[in-house]
1. Treating cross-link reach as a plain straight distance, find the aspartates and glutamates whose alpha-carbon is under 12 Å from the alpha-carbon of B:Lys211, omitting any fewer than eight places away in the same chain.
2. What are the ³J(HN,Hα) values, in whole Hz, obtained from phi via the Karplus relation 6.51 cos²θ - 1.76 cosθ + 1.60 with θ = phi - 60°, for each residue of the stretch B:133-139 in sequence order, with x given for Gly and Pro?
3. What order, most packed first, do the peptides A:107-117, B:352-362 have when packing is the mean number of other Cβ atoms within 10 Å of each residue?
4. Report the Cα centroid-to-centroid distance between the stretch B:393-444 and the stretch B:310-364 in angstrom, as an integer.
5. Which aspartates and glutamates have a Cα lying under 18 Å from the Cα of B:Lys255, excluding residues fewer than 8 positions away in the same chain?
6. Pick from A:Ile62, A:Ile32, A:Ile43: which is most flexible by mean-square fluctuation in a GNM of chain A where alpha carbon atoms under 10 Å apart are linked?
7. From a point 7 Å beyond the Cα of B:Ala447 in the direction of its Cβ, which residues of the stretch B:48-89 have a backbone N at a distance under 17 Å?
8. Do you know the relative contact order of the stretch B:7-76, to the nearest whole percent, from alpha carbon pairs under 8 angstrom that are 6+ apart?
Amino acid sequence: MIETYILIPGRTSKQGVGISEGKFGETYQSEITCLQVASEDMISRGLTDGDWVRLESEFGQIEVAVKTARQDELPSGLLFIPYGDLSSRLMGGETHGTGMPTSKGFDVTMQPIATPS
Amino acid sequence: MATVTPDASSEHELKVITDATCTFCGCVCDDIDLTVDGDHIIKAKRACVLGKAWFLNHTADDRPSCLIQGQAASVEAGIERAAELLVSARYPLIYGLSDTTSESQRTAVGIADWVGANIDTTSSVCHGPTGMALQGVGEVTASLGEVRNRGDMIIFWGANPAESHPRHFTRYSLTPKGMFLPNGRKDRTCVVVDVRKTKSANAADIFIPVKPRSDFEALWALRALANDVELDANQVLHDTGIELSVWQDLMTRMKAAKFGAIFFGMGLTMTRGKHANAEALLALARDMNKHTRFICKPNRGHGNVTGADNVMAWRTGYPFGVNLMRGYPRFNPGEYTASDILARQEADAAMIIAADPMANFSQPARDHLKSIPYIAFDPKETPTTRAAEVAFTVATYGINVPGTVYRMDDVPISLRPALECHHPSDLEILKGIEKQVQKLNMKNAIAQSKNESLRPARDEFGSSE
Ligand code: SF4
C-alpha cells in the first residue's frame, strides 16, 4: 500500500547539537535519518518504531527509519523529518523565481520496506 | 564587557571569559561566561543546549589548514589556486557567508566585485523570500530589547524557537520581566500558529493548528478582520482548517494588546507561497498599527545571516542573489540565487564560505556543484569540504576569531574569542585571495593592452577595413 502524505522537514535541537558535534557523527546522522509519523498513521500502516520506509517525492526518493511522533505533535497525514541531507534529496531544483526550492510541505508517498537497500 | 579572570575554585589556573558571544543561532546571546581549560571550553554558563554543544564540542580540527584535491598544501598555494579558479571562470559563484564575521562578508563581496562573480548567501534558502517581501511591503520593526520590555502579545508563526532558538523565550520574548511588564510571562499572551504541535506550541497560551499549505489564506483572513471586512465562515474554515471564530478571537486580542510582536520562521518562507506568505504577514503587522503598536520580525537561523543581508545591502544595494558580472550589481531572485544557478548548470567555478550546499541543496544543484571546481571554507569537515578542489580548514568565528555579527534584529554585536587556533581565519585567507585576484587582473589587463597595441589602429567609427 502506498499513501500520500505531506512532509515537513524542520529543525530540531538534537539536529542542532549534532551540527556542533560534527555532521558525520552519530547524533547528527541518527537524527536526520529518522522520520516521525503520527501514531494513527503508524497503526494504519502497520509500522512500529525502527521499521523502514521508502519516501518518494516528485524529485527523488530516500529510505528512512520511522518513529512515533510525540503525542499530538503531528496530525494524521503529516510527516516530520529533521532537516538535512536526506530531506533535501526530495526537493526539486525549481524555485519559482524566489531562490528557495519548496523545502517544506510537499507531497510524498510512504511505502514500508523490509530492510534498507 | 569581556573580562578574563582566573577561576579561583580550580586546582590549576582556568581562564574565565565573561560576556562572550554565542554565534550558533540568530539570538546571538552575548552574556555567556566561558571557562577555559587549556585549549578546551569546559563551561558555558547561561548557554542553551545548542550553545553548550557549540562551545563544549569545539576543537580545532586536526586536518591541514589547506587541502588541494584532497592533498595537504600550504595556505599560500591554496590562495593562489583559489584566485586562479575565480579569475579564469566565466561564471564564478560565491555562496554562503552566514556563519562568519561581517568583516569576512565584506571582503567576499569585494572579491565578487573584482572577479565579476555572482554572490549569494544562505539567506536565499532561509529568509530570502522575506527579503523579497520586505522590498514589497516594508517592515514594521523593533529591537528585541523593545519586545522584552514592552511586548504583551507575542505570536510565533511557522517558527519553533523552543528547538531552533532556545533562549528566544527566556531572553527576549516570553519570560523576562520587562520595564512595562513587571510580571514577565504572566503579563504576556503567547500564540503559536503552526501545522504541527511543536515544543513551542506547548509553551503557548493559544495554539492554532492551521491547515498545511494554507498560511497565505489564514493571513489574509486576519488582514480582512483587521480591516473590518466581513468573511464567509464556511469559506474560512475550508481554506484554513480553523473556525472563523478562532481568528476573530485572535484579532480581538491583537487589537487589545499594547505592543504586539510577530516572529515568523521558515514554516512560511519554505512552504508554497513563500514570499507571498511573508508579504501577507508583514502587511498584517502594518495593518495592526491602525489599532495598536505591532511589529514583525523573521527568526533568523545562523549566527550572522542577518549580517550577510546587511553587508550585501550596504555593499551592493541588495540583500542576496546579486550578480556583478556587468561591473554593476543586478538583483533577481530565481536568476542570481545559488540554488538556481547550480541547478541550471550555469556556474563553472564556485567559492563556498561557511555553508554546506552539498548536504542541503536540491539534487540537481548538488550534482552540478560536484562537477565544477570549487573552493570551500569551514572549521569542520562537511560533505561540501570533502568534494572541494581547494578546502580551507579555518578558525571558528566567535570562539577563535574576533569581529562583528548582527543579531536577528539587526543589532551589531562584537565577538569575544576565548581560544587561539592554529588554523587561519577565513578573513585572512579571503584577504589573501582578494590581493591575488587583483594581481592576476592587473596581469591580464597588461597582457590584453599589449595584444591590443599589436592590432591595426581602428578609426573612431570602429571600421579599419
Ligand atoms: S539561543 Fe542561540 S545564541 Fe543563545 S545560547 Fe542558544 S544557541 Fe547560542
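1. Cross-link targets: B:Asp194, B:Asp239, B:Glu243.
2. 5, 4, 5, x, 10, x, 9
3. Those peptides, ordered most packed to least, come out B:352-362, A:107-117.
4. 20
5. B:Asp152, B:Asp187, B:Asp205, B:Asp228, B:Glu230, B:Asp287
6. A:Ile43
7. B:80-89
8. Here the relative contact order equals 19 percent.
No value in this document is a laboratory result; all are computed from the given coordinates. Quick caveat: nothing in here was measured; it's all calculated off a predicted structure. Methodologically, a virtual Cβ is constructed for each residue, glycine included, from the backbone with ideal geometry; neighbour enumeration extends over all protein chains shown.
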